[in-house]
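Comments concern the structure below.
The values are calculated or read from the model by the stated rules, or taken from the named source; none is laboratory data. Note that the structure is a prediction, hence the values are computed from the model and not measured. So basically every Cβ, Gly included, is an ideal-geometry build from the backbone, and we count neighbours across all protein chains shown. These area figures cover heavy atoms from the full protein model, side chains too; ligands, DNA and RNA do not enter into them. Shrake-Rupley method; radii C 1.70, N 1.55, O 1.52, S 1.80 Å.
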Amino acid sequence: MSEPVRPAIAHRDPKLPPLPDVPEGPDWAGGLKVFDAPMATALLAVTRTLYPHQGLREQIYRRVIARFDAAAAASPVVAQGFAAFVDGVNGAMPLPFAELSEGFREQVLKRLEGTAAFTLVQRLTVRFLYDDVEVWEAFGYEGAAVHLGGYVTRGFDDLDWLPTPQPGDY
Amino acid sequence: MTRYEHDDSGVVVIIGSGAGGGTLAHELARRGVEVVLLEAGKHLTAEDFVNDEWAGYEMLTWLDKRTASGTWRAAKDHPTSPSWSCQVVGGTSVHWSACCYRFAEHELRARTVYGDIPGTTLIDWPLTLAELEPYYDLAETKMGVTRTNGLPPLPPNNNFKVMHAGAKALGLTVSTGRHAINSIPYDGRPATMQDGFTITGDKVGSRWSTLNVEIPRGLATGKLELRPQARAVRIEHDDGGKASAVVYVDAQGVTHRQKARAVVLAGNCVESSRLLLHSASARFPQGLANGWGHVGRHYLRHVVQTVWSIFDKPVNMHRGELMAGLVTDYLPHDPGRGFAGGYLIEMNSMGLPTTAAFLDPGWWGRDFVSVIEQYRNMAGIFMTGEDMPQAGNRVTLTDELDAFGVPVANIHYDDHPNDLRMRNHGYKALTAIHKAAGAKRCVEAPAYPASHNIGSNRMAANAEDGVLDGNGRAWEVPNLFIADGSGFATGGACNPTLTIVALAIRQAEFMAGEMAAGAL
Ligand SMILES: Cc1cc2nc3c(=O)[nH]c(=O)nc-3n(C[C@H](O)[C@H](O)[C@H](O)COP(=O)(O)OP(=O)(O)OC[C@H]3O[C@@H](n4cnc5c(N)ncnc54)[C@H](O)[C@@H]3O)c2cc1C
């Protein structure tokens, strides 16, 4: 039986810039540099189908799209990859990807697996989704530690459900 | 800092300031040899480093394009970055996890002990363990390796408790292992605070690197000049066939020619082979030191892989030193297991960002999600084993040029049947340990980009079998040396760096001796 889980408190290195601040509400895509709203909506549906975490708020996936957008703004090749990919997912069925049921979405993505555009989007989703402090807290990763003195007095050896190896035995 | 003129032909020029080159630079300088150390990366300090997996990766990693071919998973998963190393002063010693193990005696006699295995190009080392041992001692002392010189082991952390419980239940020999990480203050550096971020530079400095130990001491001798952001693009030779200069490009894009008394390549295997191949000339049409065609061949990357397992209760594997665990039972050569050579089992820990990225790079959907959501309850266990040298596993030059006009390298690697048998055996052994500790699900992760890069300019007892002699000197170019893992005759099982450092110390002694005798 699993124990009730206390949420972790996670830290992003204080020297790093903050994660993108995406507005709440339906017009969230308005501030993006490269993607228009339909493009952002399609990519949002893709990331949620690739990595469907029930417990994560939509806002987290929107931050992924904002980081895609920044990557597209920085590189025309990446921007083109996203555009080709969205054309592919939207053209696969008589309906735009975002309107498809989960089963159809999965089928469409499976068909594109192995293409360069799919690999780009899938890898970048992993790159950005799991690099988000809110996700770290949800799944129990505490992040930056050195500015807090490391874990030497903060639980590096606090696992208590197995025996603690004794000196001479490790 | 001491500065040498570009036309000063009395200096030894070392290319690469990592574990091999940084150590050699210090060891030569303290013997009075004048050294110019060229390093492609920037000179960063502890202040620059961050506690962040991706930001650290982007800050430190050699990101220039490479290509990959062959049956290895890296060709599919990491087609433009099949090998993993750093581009920064200190090289990958700024990033490594500091596991420090010695070759086993039989591994240095691989061809004799393993026999004639079809498809392999096994040879024996031109060195014995007895010859290496004094240098291992020196390396361990300089690096402050735990469990040597009276230094205590790293203490057990959460991830280790899992490994320990499982290994004990199976009757295996388990310890926290040996690391160039201070368990107590040593050599002016503090004990670890268990922050778990050695791989992004180690802000605390409890882990040995050439950035924090060898290079500052080398500079203090007044004999060493470090040139960061200096990218070597070609090695030149004189009419007599001796290396005479290194052409490099500085941070402003200006090309220079540094004359040299001797040249040492220490670019981490792939880059060293690439430079030799690219430095072809009328006299050396196949590339420098490549008369016998071995430059780039016999490339090894070890049988490296991880099993990530999920338990019922929290592990918090990110807390503490990342690889402080060791099981040695599978190291001996035991043909009864169905393969030659052995492997070490070590602990592995990663943060959530890189666990997600390396768990299985193409994996998506509900199953992946159900695994990664349990990051808190995840433990990692790892192996590094001996892979078989094959002539076709090699670094070659492609038609594509990089920003410096040097051809991009391709790394071709086909798994040998012996490698696959060892992989299979290893996955089962890793899984068994975690199962014995109560794992409810074990995920066999593929190898990540090659972190142990070995063998592609190997040493051999005879010129026709390799590129280098037993002192890491090119058979065909008497003042050209190699001080990285590409010089290993075979790979052994253990993580390579302690051996790279030991060989660099030995090489410094040899070079200084030759110079004193007027022979170099
Ligand atoms: C994730 C990871 C974990 C690791 N953990 C361990 C471990 O626990 N134990 C262990 O033994 N090993 C470990 N290693 C491997 C270890 O880092 C290497 O074995 C070691 O750093 C190799 O030393 P080197 O001097 O050959 O190369 P490096 O340390 O990589 O240094 C090479 C240097 O050469 C420079 N260079 C290359 N080409 C040029 C050029 N043309 N001009 C100028 N400069 C150039 C590079 O920028 C770099 O700084 C790990 C590696 C990785 C990636």
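What to note about this one:
- Both chains summed, the buried accessible area for B and A stands near 5000 Å², from protein heavy atoms and a 1.4 Å probe.
- Span per principal axis, largest first, for the Cα atoms of the range B:12-516 (Å): 69, 50, 45
- Expected-Rg normalisation [2.2 N^0.38 Å, Cα atoms] applied to the range B:185-264: 1.53
- The range B:218-274 versus the range A:60-107: alpha-carbon centroid distance in Å: 46 Å
- Here's how it looks for B:T121: its modeled amide H is under 5 Å from those of B:Q390, B:A391, which are all 5 or more places away or on a different chain.
- Candidates A:P96, A:L56, A:P18 compared by Cα position along the dipole of the range A:1-139: farthest toward the positive end lies A:P18, with charges placed on Cβ.
- With 20 Å bins from 0: P(r) over the protein assembly as shown, alpha-carbon pairs, percent: 18, 51, 28, 3, 0
- C-alpha long axis of helix A:116-129 to longest principal axis of chain A, angle in °: 40 degrees
- Across chain B, C-alpha contacts under 8 Å between residues 6 or more apart give a mean separation that, scaled by the residue count, equals a relative contact order of 24 percent.
- With DNA, RNA and ligands ignored, accessible area of B:R234 (1.4 Å probe; Å², nearest 10): 80 Å²
- Taking the C-alpha atoms only, the angle from helix B:129-143 to the longest principal axis of chain B is near 80 degrees.
- 1.4 Å probe accessible area per residue over chain B, in Å²: 30 Å²
- Dipole magnitude of the range B:12-516, debye to nearest 20 (Cβ charges: Lys/Arg +1, Asp/Glu -1, about Cα centre): 680 debye
- Residue-averaged beta-carbon neighbours from other chains (10 angstrom radius) around B:350-362: 5
- Structure-based [θ]222 nm, chain B - -39500 (n - 2.57) summed over DSSP H runs of at least 4, per residue, nearest 500: -7000 deg cm²/dmol
- Qualifying lysines (Cα of each under 19 Å from Cα of B:K168; at least 8 residues distant if same chain): B:K428, B:K435, B:K440
- Given their separation in residues at 0.36 nm each and the Cα-Cα distance between them, B:E464 and B:D312 gain 49.1 nm when the chain is fully extended.
- Here the simple spin-label model places points 7 Å from the Cα toward Cβ, and for B:S281 and B:T71 these points are separated by 4.1 nm.
- Take each residue in B:53-66, count the other chain C-beta atoms within 10 Å of its C-beta, and the mean is 1.
- Signed unit charges on C-beta, dipole axis of the range B:281-430, positive-most listed residue B:N410, B:M317, B:A357: B:M317
- Extension gain, A:E134 to A:E99: 0.36 nm times the residue separation minus the Cα-Cα distance gives 9.9 nm.
- Segments B:277-286, B:460-469 sorted - mean Cβ within 10 Å per residue, highest first: B:460-469, B:277-286
- Per-residue shielding of A:125-131, expressed as the average number of other chain Cβ atoms within 10 Å of the residue Cβ, stands at 6.
- Degrees, to the nearest 10: B:19-29 long Cα axis against longest axis of chain B: 40 degrees
- Label-to-label distance, nm, for residues given as B:E133 and B:T2 (7 Å Cα→Cβ offset): 3.5 nm
- Percent accessible area from carbon and sulfur atoms, the protein assembly as shown, protein chains only, probe 1.4 Å: 53 percent
- Efficiency of FRET between A:I9 and B:D116 - r from beta-carbon atoms, R0 35 angstrom, step 0.05: 0.05
- Hull volume in cubic angstrom per residue (convex hull over the Cα atoms of the range A:28-154): 128 Å³
- Residue-span extension gain [B:E400 to B:L170] - 0.36 nm each, minus C-alpha spacing: 77.7 nm
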